[in-house]
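J.: After the structure tokens below, expect a handful of questions from me.
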Amino acid sequence: MNRDLNSSPGDRGRTRPLSRSRRMRPPPSSQRTQVAIVGAGPAGLLLGLLLHNAGIDAVIFERRSPEYVLGRVRAGVLEQVTADLLDQAGVGERMRRDGLVHHGFEMLVHGRRHRIDLHGLTGGSTVLVYGQTELTRDLMDARRAAGLPTLYEAQNVAVHDFEGPHPYVTWRQSGQEHRLSCDFIAGCDGSHGVCRASPPSGAIREYERLYPFGWLGLLADTPPVSDELIYINSERGFALCSMRSRTRSRFYLQVPLTDELSQWSDERFWEELRRRLDEAGRERLITAPSLEKSIAPLRSFVVEPLRFGRLFLVGDAGHIVPPTGAKGLNLAATDVKYLSDALIEYYTEDSPSGIDHYSSRCLRRIWRAERFSWWLTRLLHQFPDEGPIASKLQQAELDYLLNSETGRRTIAENYVGLPLDFGET
């Protein structure tokens with residue numbers, strides 16, 4: 001007998017499974033679907049395509065416009081697992097053609113460069129640099145070409161009765177109220193979305209760490225400073241020289257949380273970056289007017305569990321990582337893989353096993369990525385409030401890691417992404 005899909009993962013009660021007739025594809029209807037997906041960012045769009053490819057109906061709700069969604073400037077370092085999943089969804093062609101394969105990256109520590117050979121230290125693994133905006137565009141285009149329903153600018157989206165057998169979503173659009181019944185709800189609507197706010201307070205536990213600085217990011221149409229990313233630990237603070245393509249670069253500076261964007265002209269940004277770079281970096285740095293500039297705080301955040309009856313939290317709705325380890329988008333993609341596999345198993349094999357284990361499988365990988373992102377953040381940023389001993393201990397740890405093959409391998413293995421079956425017996 002199958003586990004009760006309407007109970008939380010910790011419940012031990014059992015009941016009769018849903019009849020197979022309820023699990024088959026429902027007739028086309030504007031009032032019912034199999035999976036309702038809230039949020040049309042990369043996670044929601046990718047989940048929708050994977051389900052569509054498996055013959056499972058899904059409707060996506062998004063409170064913003066398509067233009068707003070595409071205007072979000074985000075990271076673009078993809079692990080192999082993420083790239084493979086995009087191929088599986090049928091949207092990998094442009095990514096493979098235009099994306100930049102990186103075999104390593106550099107760490108510039110107090111003026112001296114150390115290369116982390118990702119390919120050599122991990123037995124051939126690499127990462128792929130492909131801007132999240134372009135990835136989102138590919139997913140949007142594929143969904144539009146397939147004629148799949150995405151409801152943009154849906155207002156007052158709310159999720160209901162997800163602890164019972166008949167969940168549904170309500171929303172307002174063009175001045176009218178609407179309701180859609182479904183089997184499951186996937187909350188892909190981010191850290192401030194309705195899905196994470198919907199479970200009762202006693203059912204969810206939050207873990208959070210705030211960092212005493214932010215990242216000031218600048219996007220510009222200028223060639224990268226290096227063929228690979230450069231992570232910088234300097235006495236003036238952390239910096240990162242990244243890229244979106246061979247002609248567009250993204251740079252970051254560690255700044256106090258009290259700083260305002262109005263304090264940072266383009267000229268001041270470029271000058272501060274020069275001070276944190278080494279001589280070789282300064283010689284290759286080409287400046288240009290900023291296309292986008294923003295300050296983002298850093299935090300580590302996880303909620304447990306990620307499943308509440310028939311509601312699942314996916315991506316930023318369930319966890320946030322500091323961007324230092326390039327894990328945010330990749331963790332969201334892993335959540336999508338686990339959830340899509342679970343739903344496909346449910347509809348095709350009449351089994352709730354994947355659904356029952358969704359939260360625990362995701363959280364095991366999430367906490368590993370949270371640990372790595374926290375650790376790398378500690379290694380590369382300045383923490384002036386902790387006193388001079390913190391800096392000395394940080395330098396001692398970097399000295400060991402970067403001069404030890406085992407230490408460099410630890411960084412490389414975590415950066416490219418641990419295998420999905422890592423640690424499983």
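J.: Only one of these conditions is not met by residue 281: (1) more than 30 Å from residue 367 (Cβ to Cβ); (2) touching a Ser or Thr at 6+ places or on another chain (Cβ under 8 Å); (3) part of a strand (DSSP E or B); (4) not aromatic (Phe, Trp, Tyr). Which number is it?
T.: (3)
J.: Still on this structure, I have one more. For the range 365-385, enumerate the residues that are under 18 Å from residue 317 (Cβ atoms) and either out of contact with any strand residue (DSSP E or B) (no Cβ under 6 Å at 6 or more places or on another chain) or modelled with pLDDT under 95 (or both).
T.: 365, 367, 369, 373
J.: Would you be able to say whether some residue in the range 32-54 is in contact with a Gly (Cβ under 8 Å, 6 or more places away or on another chain), of a type outside the set (Lys, Arg), at positive phi and modelled with pLDDT of 95 or more?
T.: yes
J.: When you scan the range 87-159 for strands (runs of 3 or more DSSP E) that lie fully inside it, which ones turn up with 3 or more residues that are among the hydrophobic types (A, V, I, L, M, F, W, C) and touching a residue at least 60 places away in the same chain (Cβ under 8 Å)?
T.: Once the strands (runs of 3 or more DSSP E) in the range 87-159 are filtered for at least 3 residues that are among the hydrophobic types (A, V, I, L, M, F, W, C) and touching a residue at least 60 places away in the same chain (Cβ under 8 Å), what remains is 105-109.
J.: On the given criteria, is residue 418 touching a strand residue (DSSP E or B) at 6+ places or on another chain (Cβ under 6 Å), of a type outside the set (Val, Ile, Thr) and under 30 Å from residue 84 (Cβ atoms)?
T.: Considered against the rule, which asks whether it is touching a strand residue (DSSP E or B) at 6+ places or on another chain (Cβ under 6 Å), of a type outside the set (Val, Ile, Thr) and under 30 Å from residue 84 (Cβ atoms), residue 418 comes out as no.
J.: Here's a follow-up. Residues in the range 272-292: is at least one more than 26 Å from the chain's Cα centre (by Cα), farther than 24 Å from residue 375 by Cα, modelled with pLDDT of 95 or more and polar (S, T, N, Q)?
T.: The answer is yes; a qualifying residue exists.
J.: I've got another one for you. Please go through (1) closer than 21 Å to residue 415 by Cβ; (2) in a strand (DSSP E or B); (3) not small (Gly, Ala, Ser) for residue 295 and return the number of the only condition it doesn't satisfy.
T.: All conditions pass for residue 295, except number (1).
J.: Sort out which residues of the range 307-364 are of a type in the set (D, E, K, R), touching a residue at least 40 places away in the same chain (Cβ under 8 Å) and either surrounded by fewer than 21 Cβ atoms within 10 Å (Cβ to Cβ) or farther than 11 Å from residue 186 by Cα (or both), and write them in order of number.
T.: 316, 327, 337, 350, 356, 364
J.: Still on this structure, I have one more. Across the range 46-66, what is the number of residues that are touching a strand residue (DSSP E or B) at 6+ places or on another chain (Cβ under 7 Å), of a type in the set (A, V, I, L, M, F, W, C) and either crowded, with 24+ Cβ neighbours inside 10 Å or not in a loop (DSSP other than H, G, I, E, B) (or both)?
T.: Here the count works out to 6.
The values are calculated or read from the model by the stated rules, or taken from the named source; none is laboratory data. Because the structure is predicted, anything quoted here is derived from the model rather than measured. Cβ: placed from backbone, ideal geometry, glycine included. Neighbour counts: every protein chain shown.
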